[in-house]
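None of the figures in this text is laboratory data; all of them are computed from the coordinates on show. No experiment lies behind these values; they were computed from the predicted model shown. When we count neighbours, we look across all protein chains shown, and the Cβ atoms used for this are built from the backbone with ideal geometry, even at glycine.
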Amino acid sequence: MAFENPKVVVIGAGAMGGLFGGLLAEGGLDVTLVDTWGEHISTIASKGLRIVGVGGNRAIPIKATGDVGTVKAADVVLFQCKSFANESAAKAAKHLFTGQPVAISFQNGLGNEEALSKVLGAESVMGGLTAQAGLVEAPGVVRNFGDLPTTIGEMAGGVSARATSIADAFTRHGLPTKASADIKRDKWKKLLGNVALGAISAVTDLRSFEIMRVAELQEIVFRSVDEAAAVAKAEGIALDVTEAREVLMKLVDTSGGGTGNSKSSMREDIIRRRRTEIDTIHGSVQRLARKHGVATPTIDTMIALVKGLQSTYLQQS
């Protein structure tokens, strides 16, 4: 299948799903956003998706629906819903995978591709990650915080023709994307940033650059990076801690396209009294640490604090 001008369906049209879908639609691709938030979807369907911030403020006409069953065809399906919704989302979208479409997970944490593969088949699933950051400011309105790269790749490794073709198509249509030969390692590098900043932002309500201005918090950030890197090493993923810290500092930069002015999606979940992805992001590292006998006291504490906040509005399992 050629992916020169793919039909794109985005499942989960929140901050990042809305941003990605909006940019690709603005670039000329046929894009449909799917989300269960009725007010958000109806606003987009009637008024277009409004993107504000980096790139300028504009409204982008784009198809939007609350029912993926009404979508009849897709070449690329981006899964950008919360990770714990993967199985149900994949089952609802399974009718789109009668030919050779590709599912790409841009979700945080580990195990998302495996969850999608159980429903859709491993051959249909690719991995993805981005350094971009977004925020839903109101129904139908998404803020773009940066202009940073996006990466996709085959979970088995190597650069495939379809990965290159999709990356080229996305780049031509407004979402700069590259194909990776080692997406698992790349996802681990991104995970280190999520682990380091996500929970602290959720608990303190601080933006990324504000976290790094506080010496005590910066020390916690670096400890968590070191712990996660040790777990990655035990998993056979070679990550240089110095490199990881450099990537982290680029993420929190507030100039040159960095996303340091953003707060974590986990903070947004806390504000909206929703279930967070603490179990998928930090919890995935913690579970692997237990498996390999690696100590992660900083990450353990982060998990406990976020679950403590969640306990004020969610029954803990």
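Here are a few things to note about the model shown:
- For q = 0.14, 0.20, 0.23, 0.25 Å⁻¹, Debye-computed log10 I/I(0) when each Cα of region 1-42 counts as one equal scatterer: -0.31, -0.58, -0.73, -0.82
- For q = 0.14, 0.19, 0.20, 0.24 Å⁻¹, Debye-computed log10 I/I(0) when each Cα of region 102-169 counts as one equal scatterer: -0.52, -0.84, -0.89, -1.06
- Of the DSSP H helices in the chain, those with a Cα length along their own long axis of 24 Å or more and a mean Kyte-Doolittle hydropathy reaching -0.5 comprise 183-204, 215-234.
- Applying a DSSP loop filter and a limit of 12 other Cβ atoms within 10 Å to the trypsin sites (Lys or Arg not before Pro) in region 1-94 leaves 72.
- Those residues of region 273-298 whose amide nitrogen sits under 14 Å from the label point placed on residue 234, 7 Å along Cα→Cβ: 283-298
- Using alpha carbons only: equivalent-ellipsoid semi-axes of region 179-317, gyration tensor based, whole Å: 22, 20, 13
- Taking Cα centre as origin and charging only the Cβ of basic (Lys, Arg, +1) and acidic (Asp, Glu, -1) residues, the dipole magnitude of the chain rounds to 480 debye.
- Beta bridges by DSSP in region 118-209, antiparallel share as percent, to the nearest 5: 65 percent
- Note on region 62-203: Rg/Rh from Cα positions, Kirkwood definition for Rh, rounded to two decimals, is 0.95.
- Only one residue of 209, 169, 194 has its Cα farthest out toward the positive end of the dipole of region 138-259, where Lys and Arg carry +1 and Asp and Glu -1 on Cβ, and that residue is 169.
- A straight Cα-to-Cα reach below 16 Å connects residue 178 with the aspartates and glutamates 4, 147, 154, 168, 186, residues fewer than 8 places away in its own chain not being considered.
- Which listed pairs, of 7/189; 189/250; 63/94; 187/250, have C-alpha distances above 18 Å, in listed order: 7/189; 63/94
- Farthest toward the positive end of the dipole of the chain, out of 311, 98, 20, is the Cα of 311, where the dipole comes from beta carbon charges about the Cα centre.
- For the chain, dividing the convex hull volume of the Cα atoms by the residue count gives 123 Å³ per residue.
- When shorter helices are ignored and each DSSP H run of at least 4 residues is given -39500 (n - 2.57), the per-residue value for the chain at 222 nm works out to -14000 deg cm²/dmol.
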